[in-house]
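Participant: Take this structure first; my questions come after.
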Amino acid sequence: MVDLIKLLTDIASGAFTGPISRERAKLFKQQLELRDETIRTLERKLADEVKKRTASDNRAYAAEEQLAAVLVTEDHLEHAGVLWKRLDGGGYSPQPVCPMCRAPLSVIMPNFGMRCAPCKFITTFKASERIHVHAEIPS
Ligand SMILES: [Zn+2]
């Protein structure tokens, strides 16, 4: 690839005169146009990729919402981002369930969110807040 800065410096310094100077200026212009075209091509490709990525993200988001809707069935209620199993006698089990795969969530440390071992989901509330969160479930 032609070094445009060197070429421009040469032209500006007056190192070339007459037809040589015009030839150099022409080469400079051609190279600039070539690079402009390359930039436009790359910009189009980038815009296409962004569009594809956005569409893909939207599809993933829609799929997640569908999954969540399927998971929240009659025997579970979603509260605080997790599922709680309805008990036959009324109320909800104090054991929160993963909203992604329905595995029971476990305590790693009291000051950390509860974790789903199979899918690595982590609750937004701390394990130590579980009893409080459970008590907030609307009946
Ligand atoms: Zn899970």
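Participant: Filter segment 95-114 down to residues that are within 24 Å of the chain's Cα centre (by Cα) and closer than 8 Å to A127 by Cβ, then give me how many there are.
Facilitator: Number satisfying all stated conditions: 3.
Participant: Would you be able to tell me the number of residues in segment 80-138 that are closer than 24 Å to E65 by Cα, more than 16 Å from the ligand (Cβ to nearest atom) and surrounded by fewer than 13 Cβ atoms within 10 Å (Cβ to Cβ)?
Facilitator: 2
Participant: Sticking with this one: Go through (1) within 16 Å of the ligand (Cβ to nearest atom); (2) at pLDDT below 95 and name the single condition E74 misses.
Facilitator: Single failed check for E74: (1).
Participant: Find all pairs meeting these conditions: Cβ atoms under 7 angstrom apart; at least six residues apart or on different chains; first residue within segment 85-107 and farther than 11 Å from C119 by Cβ; second residue β-branched (V, I, T) and in a loop (DSSP other than H, G, I, E, B).
Facilitator: Hits for this filter: Y92/I137.
Participant: For the structure I just gave you, tell me whether E65 is under 30 Å from S139 (Cβ atoms), more than 16 Å from the ligand (Cβ to nearest atom), within 27 Å of the chain's Cα centre (by Cα) and of a type outside the set (A, V, I, L, M, F, W, C).
Facilitator: Against the criterion (under 30 Å from S139 (Cβ atoms), more than 16 Å from the ligand (Cβ to nearest atom), within 27 Å of the chain's Cα centre (by Cα) and of a type outside the set (A, V, I, L, M, F, W, C)), E65 qualifies.
The values are calculated or read from the model by the stated rules, or taken from the named source; none is laboratory data. What you see is a predicted model, and the numbers here were worked out from it, not measured in a lab. Here the Cβ is made from the backbone with ideal geometry for all residues, glycine too, and neighbour counts use every protein chain on show.
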